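Structure, as C-alpha cells:
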Amino acid sequence: MKTVYHKADSRGHADHGWLNSYHTFSFANYQNKDRMNFGVLRVLNDDTVSQGMGFGTHPHRDMEIISIPLEGDLEHKDSIGTTAVIKKGEIQVMSAGTGVMHSEYNKNKDEAVKFLQIWVFPKEQNVEPRYDQKSIKEGEKINGFQQILSPNKNDDGVWIHQDAWFNLANFKAGNGKNYMLNKKDNGVYAFVLKGSAKVGDRILNERDGLGIWDTQSFNIEAVEDAEILLMEVPMELPAYLK
C-alpha cells in the first residue's frame, strides 16, 4: 500500500471576500508541483460562498465537474438549458465535454453556502455536455458506505465518464469497515468532512486528506463520529493527457 497525506492546514487558500476557498490540489493562484492531482482527481476545492454572491458565467470543457453542498444551497445555470438549485443532501454532476458555460450563485440573503467542487478528468474528450442532479439523503447509511457516484448509469447516485466510484462513509465512534476497491489499478482519496477516523494506518481529522493506492482494500475506523468522502479513481491519466 502506498499513501500520500495532506493535512488540512497544508491546503492552498484564497479569500476573495465573497468566496473563501481551500484547494487540496493546485488551482488558480495556488500552484504546487507536488500537488497537481491524485490520479484523474484534478480538483478538490472546499468553498464557502457569501450571501447573495456567486461565480459568474464561465466556460468548461473536457472535465467531469461534481458539486456536493455541505450547508445551504446553490443555484446553477448553464448553456445547455439547465436551471437548478442544489442543496445539502444532493449531488450534482456536469460533464463539460465539447464545451459548456455555467454560473453558480448563492441567492440566499441570510446564510452562506458551503460546498465541495470536484473535477475529474474524463476517459475521453469531446463527449456531449450533460447535467444531472440527485438526492443522496434517502440512501444515507450509518456505519457503512453509501455510493453516490459511479461509471454506471443504472447504479446508485450520479454517473460520470470515468471508472470512478464515490462513497460517503458515515461512522459512529468505535465503528469501522473494510473498503474494497472496485478496480485493481484505482486508488482512493479519503477526505474527512467531520470528526476523526483512522484510515489505513493514519489518523485523519476534519478536512485532512489521504490518498491510498497499490492495494485492494483498506480499513476505516471512526475515532469519534466521522463523515468521510471516499473518491476512488484511476491512477493512470487518460491517453489524451500524456
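The values are calculated or read from the model by the stated rules, or taken from the named source; none is laboratory data. Bear in mind the structure is a predicted one, so any value in this text is a computation, not a measurement. Heads up, the Cβs are rebuilt from the backbone with ideal geometry, glycines too, and the neighbour counts pull from every protein chain shown. Ligands, DNA and RNA are stripped out before the accessible areas are found, and what is left, the full protein with its side chains, is counted by its heavy atoms. Shrake-Rupley method; radii C 1.70, N 1.55, O 1.52, S 1.80 Å.
Worth a mention:
- Residue match in segment 176-198 (condition: among the β-branched types (Val, Ile, Thr) and more than 30 Å from ARG130 (Cβ to Cβ)): yes
- Annotation: of all residues in segment 142-182 being touching a residue at least 40 places away in the same chain (Cβ under 8 Å) and among the small types (Gly, Ala, Ser), the one that is farthest from LYS88 (Cα to Cα) is GLY174.
- Residues of segment 124-143 classified as not polar (S, T, N, Q) and not in a loop (DSSP other than H, G, I, E, B), total: 4
- Pair list, Cβ under 6 Å, 6 or more apart: segment 124-141 residue in contact (Cβ under 8 Å) with a residue 60 or more places away in the chain and closer than 14 Å to ILE66 by Cα, other residue of a type in the set (Ser, Thr, Tyr) and part of a strand (DSSP E or B): none
- In this structure, ARG11 does not qualify as charged (D, E, K, R), in contact with a strand residue (DSSP E or B) (Cβ under 8 Å, 6 or more places away or on another chain) and surrounded by fewer than 17 Cβ atoms within 10 Å (Cβ to Cβ).
- Selection status of ARG207, touching a residue at least 60 places away in the same chain (Cβ under 8 Å) and more than 19 Å from the chain's Cα centre (by Cα): no
- Check on GLY52, in a loop (DSSP other than H, G, I, E, B), in contact with a Phe, Trp or Tyr (Cβ under 9 Å, 6 or more places away or on another chain), open to solvent by 10 Å² or more (accessible area, probe 1.4 Å) and farther than 26 Å from GLY97 by Cα: yes
- The number of residues in segment 63-77 being open to solvent by 20 Å² or more (accessible area, probe 1.4 Å) and either farther than 21 Å from TYR189 by Cβ or free of Cβ contacts under 8 Å to residues at least 40 places away in the same chain (or both) comes to 4.
- Strands (runs of 3 or more DSSP E) wholly inside segment 144-232 containing at least 2 residues that are open to solvent by less than 40 Å² (accessible area, probe 1.4 Å), within 26 Å of ILE65 (Cα to Cα) and out of contact with any His (no Cβ under 7 Å at 6 or more places or on another chain): 144-150, 165-171, 186-194, 209-213
A quick yes/no check of all residues on (1) surrounded by fewer than 22 Cβ atoms within 10 Å (Cβ to Cβ); (2) touching a Lys or Arg at 6+ places or on another chain (Cβ under 6 Å); (3) assigned to a strand (DSSP E or B):
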| site | (1), (2), (3) |
| --- | --- |
| GLY81 | yes, no, no |
| ALA84 | yes, no, yes |
| GLN92 | no, no, yes |
| THR98 | yes, no, no |
| HIS102 | yes, no, yes |
| LYS109 | yes, no, no |
| LYS114 | yes, no, yes |
| GLN117 | yes, no, yes |
| PRO122 | yes, no, no |
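- Meets criteria (at pLDDT 95 or above, part of a strand (DSSP E or B) and buried (at least 21 other Cβ atoms within 10 Å of the Cβ)) for ASN20: no
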